[in-house]
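All remarks here apply to the structure that follows.
The values are calculated or read from the model by the stated rules, or taken from the named source; none is laboratory data. Just so we're clear, the structure is a prediction, and the values are computed from it rather than from any experiment. Every residue, glycine as well, gets a Cβ built from its backbone with ideal geometry; the counts of neighbours run over all protein chains shown.
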Amino acid sequence: MKNRLKVLRAERDWSQAELAIRLDVSRQAVNAIETGKHDPSLPLAFRLARLFNMSIEEIFDDGQ
Amino acid sequence: MNKRSQGLYAPLLVDLTFGFMGLGSIFILAFGPTNTPPATAIASDKSNGGFVIAACVILITLVSCIVHKWDRKGWDDYMQQIVTQSALIGMVSLLLAGVLWDFVLTPMFGMPVSPRLVLSMIPIACTAWSIGYFYLRFNGTSE
C-alpha cells in the first residue's frame, strides 16, 4: 500500500525517530510504513491521520 | 508504549531473541539425541492423564490469550504483526514437518530426532518461527 508519510514527515521537518515518539511506536515501524513494507493497523492509521490532521485516505492509497 | 515496554519490546532485543532461539533449535535438531528413554512410566490409565493434559492445554491457552492482549497494548504495531504472522508460519510449518517426519523421514532414516517433545517438536516449531520472523523482518508484512 502506497502512502505519503515520508513527504508529510519531511514537510514538518521531523526525523523518523521524532515521528515514532509522536505515534508511540518504534522507529523501525515508521521506516517500514514509509518503505511500504508494513501496512499499519487501523488504530495506528487513525493516530497518523489525527497527527497530520488529515483523513486516512489522504495519507494511504490502496490503489483501488 | 511506555518507557518500560519500549525496552522490553525493543526490536533489537526481539531480533536477538529470535536469532538465539532459531540457532539453538537448529543445533538441537542437527546434533541433539535421536533417542532418549522415557522420563516417566507410560500411564496405565488413559483417562486421568488425558484429563490433566487437556486441562493444562486449556489453562495455558487462556493465559496465552491474556498475555497476547497485553502484548497488543505494549508492543508497537510493526513488531507485533511480525511476531504473530511468523507464529502462524511456524505453526503451519510444524504441522507439515510433523507429517514429513512421520511418513517420509522415519521410514527412510529411522527416527531422525528424539521422540521427546522438548527435543523434537519444540525445536522444529522454534526453528520455523525464527525463519518466518526474519523473513518478514527483511521482506515486510504488507501484501
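List of remarks:
- Beta carbons closer than 8 Å, at least 6 apart along the sequence or on distinct chains, pair a first residue in the range B:56-83 that is polar (S, T, N, Q) with a second that is modelled with pLDDT under 90 for B:Gln80/B:Asp71; B:Gln80/B:Arg72; B:Gln81/B:Thr141.
Table: residues versus (1) outside any helix (DSSP H, G or I); (2) modelled with pLDDT of 85 or more; (3) within 14 Å of chain A (Cβ to nearest Cβ); (4) surrounded by fewer than 12 Cβ atoms within 10 Å (Cβ to Cβ).
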| residue | (1), (2), (3), (4) |
| --- | --- |
| B:Thr17 | no, yes, no, no |
| B:Met21 | no, yes, no, no |
| B:Ala30 | no, yes, no, yes |
| B:Thr36 | yes, no, no, no |
| B:Ser44 | yes, no, no, yes |
| B:Val57 | no, yes, no, yes |
| B:Thr61 | no, yes, no, yes |
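- Among residues of the range B:106-143 being in contact (Cβ under 8 Å) with a residue 40 or more places away in the chain and within 14 Å of chain A (Cβ to nearest Cβ), the one that is nearest to the chain's Cα centre (by Cα) is B:Tyr133.
- Residues (within 18 Å of A:Asn53 (Cα to Cα) and either hydrophobic (A, V, I, L, M, F, W, C) or exposed (fewer than 14 other Cβ atoms within 10 Å of the Cβ) (or both)) located in the range A:1-21: A:Leu5, A:Val7, A:Leu8, A:Ala10, A:Glu11, A:Arg12, A:Asp13, A:Trp14, A:Leu19, A:Ala20, A:Ile21
- Test: residue in the range A:35-51 that is among the small types (Gly, Ala, Ser) and within 9 Å of the chain's Cα centre (by Cα): yes
- Test: residue in the range A:26-49 that is buried (at least 17 other Cβ atoms within 10 Å of the Cβ), of a type in the set (Lys, Arg), within 8 Å of chain B (Cβ to nearest Cβ) and farther than 20 Å from B:Gly74 by Cβ: yes
- The helices (runs of 4 or more DSSP H) located wholly in chain A that include 2 or more residues which are under 18 Å from B:Ala10 (Cβ atoms) occupy A:16-23, A:27-34.
- Check on A:Leu51, without any contact (Cβ under 8 Å) to a residue 40 or more places away in the chain and hydrophobic (A, V, I, L, M, F, W, C): yes
- Some residue of the range B:73-93 being part of a helix (DSSP H, G or I), farther than 14 Å from B:Val14 by Cβ and within 14 Å of another protein chain (Cβ to nearest Cβ): yes
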